[in-house]
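*Asks:* Please read through the structure below; I'll follow up with questions.
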Amino acid sequence: MAISQEEHLKELSKGYRFDWKDEARPVFEPKRGLSEQVVEEISSLKSEPDWMRKRRVKALKHFEARPMPWWGADLSGIDFDNIYYFIRSTEKQAATWEDLPDDIRGTWDKLGIPEAEKKYLGGVSAQYESEVVYHKIKGELESMGVLFTDMDSAVRDYPDLVKEHFGTLIPANDNKFAALNTAVWSGGSFIYVPPGVHVEIPLQAYFRINAENMGQFERTLIIADEGSYVHYVEGCSAPIYTSDSLHSAVVEIKAMKGARVRYTTIQNWSTNVYNLVTKRAAAYEDAVMEWVDGNIGSKVTMKYPSIYLLGEGARGEVLSVAFAGKGQHTDAGGKAIHAAPHTTSVITSKSVSKDGGRTGYRGLVRVEPDAHHARSNVRCDALILDDDSRSDTYPYIEVEDETAALGHEATVSKVGEDQLFYLMSRGLSEVEATAMIVNGFIEPITRELPMEYAVELNRLIELQMEGSVG
Amino acid sequence: MADRPTFDDAAFDALPAAPDDVRSLRKAAFEEFRSLPIPSQETEEWRYTDLSSFDLDFVAAPPRHTLTTSNQPLDGTGVLFCDLDLAAEQHPELLERRLHGLVPTGRTKFTALHGAFRTGGTFLYVPRDVRLELPLQTVTSLHDDGTAVFPHTVLVAEEGADVTLIDRFVSPDLPRAFADAIAEIYVGDGAHVRYASIQEWGSGVTHLGIQRARVGRDAEFRSLAIGFGASLARAESETVLAGPGGFSEMLGVFFADGTQHFDHRSVQDHAAQHCTSDLLYKGALRDASRAVYSGWVHVRPGAQKTDAMQTSRNIVLSEHAKADAIPNLEIEANDVRCGHAASVGPVDEETIFYLESRGIPRAEAERLIVTGFFQEVLDRVALPEVRRNAELAIQEELGVRELEETG
């Protein structure tokens, strides 16, 4: 029995509250499909230096030459010829929300970004389609020498820093989607924190896809110089369409000696977005790198934030929470590569699948020869809420040094009958009780989030639970 | 013509006569062998073992199997315990669809080679409700440089039967030899089967073994894999829980030294509900040895009330030893309890410190700790003889080192 397109849309949008569309009024006529010409055009529209243009063209060759990944999620639904690779929505970046066109500004108001900025953010970057349309950093951070701009401006304004670090952790030929990103990247954040500077309030970027069949390819580079600290938070959403969009970001982070970087993601794409992201960080001597990675939305997510522990005493942590409902496949995880002595890593993954959704943990912990006294612990727990849903765990442990101590543990279970019974006997409905148990289950992750995001994540989970029983 | 022996037409034509069924199976397998590539490290299954330059210039050796019954009289019980070719001739109805029924010849180039060139093997058939108290044993031996053997065990336990089989593989150290082994185990409804495979090939032997069991309703299968020998050993151990209420225990014990390469793979396939499976592999590594454990727990849709556990523990004793563990879960039912745990690490320094502070020298402390490490598995082995031999083998591995260090 075929369902009508309208029913299909209705089904997709169940419980998703970011499903509004602005009337598209791009300032540059977008084209579907990918070619060298498209890549050259993006570069020329941005008036880029020659080295970046050449890099893009070379990356396109890598992208074309590489096969699609044979492992992980089903990506056969991606039609590369039907995607818009670049959409320019405003003539120039705004420094106040009032300067934005009304409909775009309306979107940010509905998402609550301007309000959040006032309350608890040190800087905000708002990307709409391909480019950052609003950008602002608090004056005091600027005066301490903190750089926080969109990536396009960084190429123009800080060419030496960008040239030194861009693509060094994730080269264009790293994987097919990193190659695609390098060829057509646009937007994303550039952050540099000078030695010893602690950015006490989070910097935030918000990514919004508005157009159907949009491809968003932001590129982020964060450099935390010696002894500095920064917390970067990203969020995202998109309206729901009948055909799919693609989000393929590349994020590179360097935590220099003694620095600490925390990168928090609350991914809430609509369920027709393919989210294929490469995220990698290098942690030097005594540095700390933390990925807090929440995946609630998208049709397909493949994302495994990695940490290369390159200096003695470096520490890495990945906290991953994944949720997959109807039609969703979230293949998340984390990687820790121990390449120096006395390095430690902790990976904690919590996943919940329901209504036929599929979650997966895919991870790697690797200890290189001579990275002596490495310590790592991986803990994965999965909850499966009904018998149409699925959970997979694919952990790889590779050890080439005998002093390394590594552990991995995982459990998969359903919500305990006795827990449910207890809560329901206290007057909670089954839905409320289940939501409460699930929230408790992911609590090790939410307690690491800034309060506002923890509340948001819990609310999202509750929203996803509605209508799940009966 | 070429001096080097190989598995060519001439070698195939020189195989001894066999019944029609076996002949046609051989022929099809030979075709598969010629068309299949050597498995590539590009595939997930062979990621950690590189056989790309492995020459198959061996001569198929005549099989040498020694069957013993612990002096149990089998006459009148209906139990058949005999050479596989003899069984194919005299009881084709019992072997039909069972020989290569669980491990098809087309699975890899090596199973195809096995199907084409195997002669001999062990057949064990236990009729309905027949219970054998003492273990049966088959010893496969390999003696000559440049030879290949294809050990094959087919074990059939009919409904309610109860049997124990020990499958041993022994050889002296050889410059170069090849063992390509398959065991197919059919555990009927309500049957109890214990199966121990003890791999004690000498150095120089490349061992590729696949063991696959199909466990029926309310049946119980306990397997133990002990691996000390061979230069390269890849051992795949698979259990399919095909009927409700089935139980599977899979234990593994290995000790790698020198430049030994072990690739252990396991599958716990829950295809029916209310089944339990429990896997525990423990291994020690020293010198420049390498061990990989990768396991799959697969809970199929509808296999509710599954209880599956998978544990891999590795203790690394030398600087140049390498251990990898990949314990995978694929769960497609929700009312389940599944878990896995894996660890790789050195002997715990705190424990050593404790023992040293009690006046025990470091080498002795290490020996005690490693012995204790293996005891957790060996305590679960119900076969006293097998357990004692494994304990002795572990002590030998540990003792030799001590002598080397003090001498």
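The values are calculated or read from the model by the stated rules, or taken from the named source; none is laboratory data. This one's a predicted model, so the numbers in the text were calculated from it and none came from an experiment. Reconstructed Cβ throughout: ideal geometry from the backbone, glycine too, with neighbour counts over all protein chains shown.
*Asks:* Read through the list (1) without any contact (Cβ under 8 Å) to a residue 60 or more places away in the chain; (2) of a type in the set (S, T, N, Q); (3) under 29 Å from A:ILE201 (Cα atoms), then give the number of the only condition that A:SER76 fails.
*Replies:* Just one mismatch for A:SER76, condition (3).
*Asks:* State whether one or more residues within the stretch B:198-205 are within 11 Å of the chain's Cα centre (by Cα) and of a type outside the set (S, T, N, Q).
*Replies:* Of all residues in the stretch B:198-205, those within 11 Å of the chain's Cα centre (by Cα) come to B:198-199.
Add one more test, that the residue is of a type outside the set (S, T, N, Q), and what stays is B:198.
Scanning the stretch B:198-205 turns up at least one residue that is within 11 Å of the chain's Cα centre (by Cα) and of a type outside the set (S, T, N, Q).
*Asks:* Taking the stretch A:376-402 only, how many residues are at the interface with chain B (Cβ under 7 Å from one of its Cβ atoms) and closer than 30 Å to B:THR259 by Cβ?
*Replies:* Qualifying residue count for the region: 8.
*Asks:* For the stretch B:365-378, does any single residue satisfy the condition of being within 20 Å of the chain's Cα centre (by Cα), at the interface with chain A (Cβ under 8 Å from one of its Cβ atoms) and either modelled with pLDDT of 95 or more or under 30 Å from A:GLY416 (Cβ atoms) (or both)?
*Replies:* No, the stretch B:365-378 contains no residue that is within 20 Å of the chain's Cα centre (by Cα), at the interface with chain A (Cβ under 8 Å from one of its Cβ atoms) and either modelled with pLDDT of 95 or more or under 30 Å from A:GLY416 (Cβ atoms) (or both).
*Asks:* Please specify each residue of the stretch A:100-118 satisfying the condition of being touching a residue at least 40 places away in the same chain (Cβ under 8 Å) and either within 19 Å of A:GLU142 (Cα to Cα) or polar (S, T, N, Q) (or both).
*Replies:* Those that are touching a residue at least 40 places away in the same chain (Cβ under 8 Å) and either within 19 Å of A:GLU142 (Cα to Cα) or polar (S, T, N, Q) (or both): A:THR107, A:GLU117.
*Asks:* Then there's this: Regarding A:SER391, is this residue polar (S, T, N, Q), touching a Cys at 6+ places or on another chain (Cβ under 8 Å) and more than 22 Å from A:GLU448 (Cα to Cα)? Please lay out each step first, then the result.
*Replies:* On the way: polar (S, T, N, Q): yes; touching a Cys at 6+ places or on another chain (Cβ under 8 Å): no; more than 22 Å from A:GLU448 (Cα to Cα): yes.
No: the conditions fail for A:SER391.
Listed here are the residues, each with its yes/no results for (1) in a strand (DSSP E or B); (2) surrounded by 22 or more Cβ atoms within 10 Å (Cβ to Cβ); (3) of a type in the set (Asp, Glu).
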position: B:ASP144; (1), (2), (3): no, no, yes
position: B:LEU165; (1), (2), (3): yes, yes, no
position: B:ALA179; (1), (2), (3): yes, yes, no
position: B:GLY190; (1), (2), (3): no, no, no
position: B:TYR195; (1), (2), (3): yes, yes, no
position: B:ARG212; (1), (2), (3): yes, no, no
position: B:GLY245; (1), (2), (3): no, no, no
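*Asks:* Would it be correct to say that B:PHE262 is at pLDDT 95 or above, buried (at least 24 other Cβ atoms within 10 Å of the Cβ), of a type outside the set (Ser, Thr, Tyr) and under 25 Å from B:VAL381 (Cα atoms)? Lay out the reasoning, then the answer.
*Replies:* Values: at pLDDT 95 or above: yes; buried (at least 24 other Cβ atoms within 10 Å of the Cβ): yes; of a type outside the set (Ser, Thr, Tyr): yes; under 25 Å from B:VAL381 (Cα atoms): yes.
Considered against the rule, which asks whether it is at pLDDT 95 or above, buried (at least 24 other Cβ atoms within 10 Å of the Cβ), of a type outside the set (Ser, Thr, Tyr) and under 25 Å from B:VAL381 (Cα atoms), B:PHE262 comes out as yes.
*Asks:* Specify which of the listed residues (A:THR264, A:THR301) is surrounded by 24 or more Cβ atoms within 10 Å (Cβ to Cβ), part of a strand (DSSP E or B), of a type in the set (Val, Ile, Thr) and under 17 Å from the mean Cα position of the chain (by Cα).
*Replies:* A:THR301
*Asks:* Right, here's the next one. Restricting attention to the stretch B:247-266, which residues are in a strand (DSSP E or B) and hydroxyl-bearing (Ser, Thr, Tyr)? If you could, list the steps in order and put the result at the bottom.
*Replies:* First, the residues of the stretch B:247-266 that are in a strand (DSSP E or B): B:247-256, B:261-266.
The answer is B:SER248, B:SER266.
*Asks:* Of the conditions (1) at positive phi; (2) free of Cβ contacts under 8 Å to residues at least 40 places away in the same chain, B:GLY121 satisfies every one except a single condition; which number is it?
*Replies:* Failed condition: (2).
*Asks:* Something else: Inside the stretch A:403-446, counting only helices (runs of 4 or more DSSP H) that do not spill past its ends, which hold 1 or more residues that are within 14 Å of another protein chain (Cβ to nearest Cβ) and in contact (Cβ under 8 Å) with a residue 24 or more places away in the chain?
*Replies:* Details: elements: A:417-425, A:430-441, A:443-446.
Correct list: A:430-441.
*Asks:* Same structure, new question: So which of B:VAL154, B:VAL149, B:VAL103 is in contact with a helix residue (DSSP H, G or I) (Cβ under 9 Å, 6 or more places away or on another chain) and surrounded by 24 or more Cβ atoms within 10 Å (Cβ to Cβ)?
*Replies:* Working: B:VAL149 fails: in contact with a helix residue (DSSP H, G or I) (Cβ under 9 Å, 6 or more places away or on another chain); B:VAL103 fails: surrounded by 24 or more Cβ atoms within 10 Å (Cβ to Cβ).
Going through B:VAL154, B:VAL149, B:VAL103 in turn, just one is in contact with a helix residue (DSSP H, G or I) (Cβ under 9 Å, 6 or more places away or on another chain) and surrounded by 24 or more Cβ atoms within 10 Å (Cβ to Cβ): B:VAL154.
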